[in-house]
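Below is one structure; the comments refer to it alone.
The values are calculated or read from the model by the stated rules, or taken from the named source; none is laboratory data. Not measured: the values here are computed from a predicted model. Cβ: placed from backbone, ideal geometry, glycine included. Neighbour counts: every protein chain shown. Each accessible area value is taken on the protein alone, full model and side chains, heavy atoms only, with ligands, DNA and RNA left out. Shrake-Rupley method; radii C 1.70, N 1.55, O 1.52, S 1.80 Å.
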Amino acid sequence: MRMAHPRMARLFLAALLASLTLWSAGAPGAARAAGFRSSAAVRLTTEAFGEAAAIAATVESDQSLTGLVTVGVYASDGRPVFFRWFENQSLQPGRPATFAVAWQLPDLAAAEGFRVSVGVYGPDWSGPLHWNGQAGSVEVPPGTRGALPPIEVPADQRFGTLPPGAALPSGEECAGRVRRSAWELRPENWDANHAAPLAPGIPVALEGAQTVGGAQLAARVDGAFSGTTDEIIQWGACKWGLDEDVVRAVASRESRWWQAQLGDFNGSEYESYGLLQIRRPYAATAFPLAAHSTAFNVDYALAWRRACYEGFFSDGMPQGTRGDEWGCVGMWASGRWHDERGERYAGEVRQLLAQREWLRPGY
């Protein structure tokens, strides 16, 4: 379901034309829930939509606590375009805390504008303790609307690739770190996006990674998350320490983000299933759940890639090889290390990554 966007009254249109400066009009959207009050004021220049906008988010708590405060910006259809969080924040009764961020506007949305969200979480991302999805808003003047903006997340707050041997966060931790949004590229994935996780006691094996390290990674696969398709991608990228945009690009190459996608027809049946196209003959323990659960499909496929990245495969790649993410992306397609087919596939994924194909209108 799409979240409504609060339209901003055009109180300063004359001032906009005279000074080329637009303020979010009137009082920001204040909200009180669960002992909190929050709002956000936005100021931006319109001389060239590309200048930094100043967002001042204010949070007031009725009790003393230390936690995380998040500030996000969403297009009017729910697509996230900016997100930042502040850790170890002390909130005290009667002492409103202000969190200032600078947001670099992308090309303007085809929709009417943007809304600002403010959230409060426990120190371990538990919660949210408070969420205000309508804390503030910015309207895009007619005639200046362009392509829908890409997701903009500060480099230090996005899910990137962790080095070999790094400690991986748990699925529970990553569930709390996902940047939630109403945006859903594939509403048809709803049932699969909310499928039950793997039942306890059912073993999972990462085919080819028959090592102690591979078995330890396989034991973490459970598909225990539900949300939008992009939220599931974020969760998997976080859990397995892999770049979130590379995962999005692979999903674009494999299925165009359709969990119901079938592939690799062998003359009598399809062999590959789901968002990341897990091939059943080579991943028997992933089925049938990989075909019916988006989260499990992503969880298993990224566990496989992490095992490759860690060098846990007993064959198929040179012994001692670690840390070659693109080699593992290619091996997912070809089953061989840096062969022609794998290199071609990795090149196609790189192109989709550069184009951010999943954000194109009508994709």
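Which order do 276, 289 take when ranked by solvent-accessible area (1.4 Å probe, heavy atoms of all protein chains), largest first? Before the final figure, lay out each step's value.
Numbers: 276 5, 289 35 Å².
The residues order as 289, 276, largest area first.
For residue 285 and residue 155, what does the FRET efficiency come to when R0 = 41 Å and r is the distance between their Cβ atoms, rounded to the nearest 0.05? Don't jump to the answer; show the numbers that get you there.
Numbers: r = 36 Å, r/R0 = 0.88.
Efficiency computed from Cβ-Cβ geometry: 0.70.
Please say if the stretch 286-327 is rounded, prolate or oblate, where rounded means a/c under 1.5 for a ≥ b ≥ c the square roots of the C-alpha gyration tensor eigenvalues, and otherwise the choice is prolate for a/b larger than b/c and oblate otherwise?
On the way: a/c = 3.90, a/b = 2.42, b/c = 1.61.
Prolate is the answer for the stretch 286-327, as a/c is 1.5 or above and a/b outweighs b/c.
Accessible area, 1.4 Å probe, largest first: how do 194, 130 sort? Display every interim value, and only then the final one.
Working: 194 75, 130 5 Å².
My answer, sorted largest first, is 194, 130.
Rounded to the nearest 20 debye, what is the charge dipole size of the stretch 150-219 about its Cα centre when +1 sits on each Lys and Arg Cβ and -1 on each Asp and Glu Cβ? Numbers along the way, then the final one.
Working: 5 positive and 8 negative charges, 25 e Å.
Roughly 120 debye, rounded to the nearest 20.
Would you rank 310, 340 by solvent-accessible area, highest first, keeping every protein chain in place and using a 1.4 Å probe? Write out the running numbers ahead of the final one.
Numbers: 310 15, 340 145 Å².
Largest accessible area first, the residues go 340, 310.
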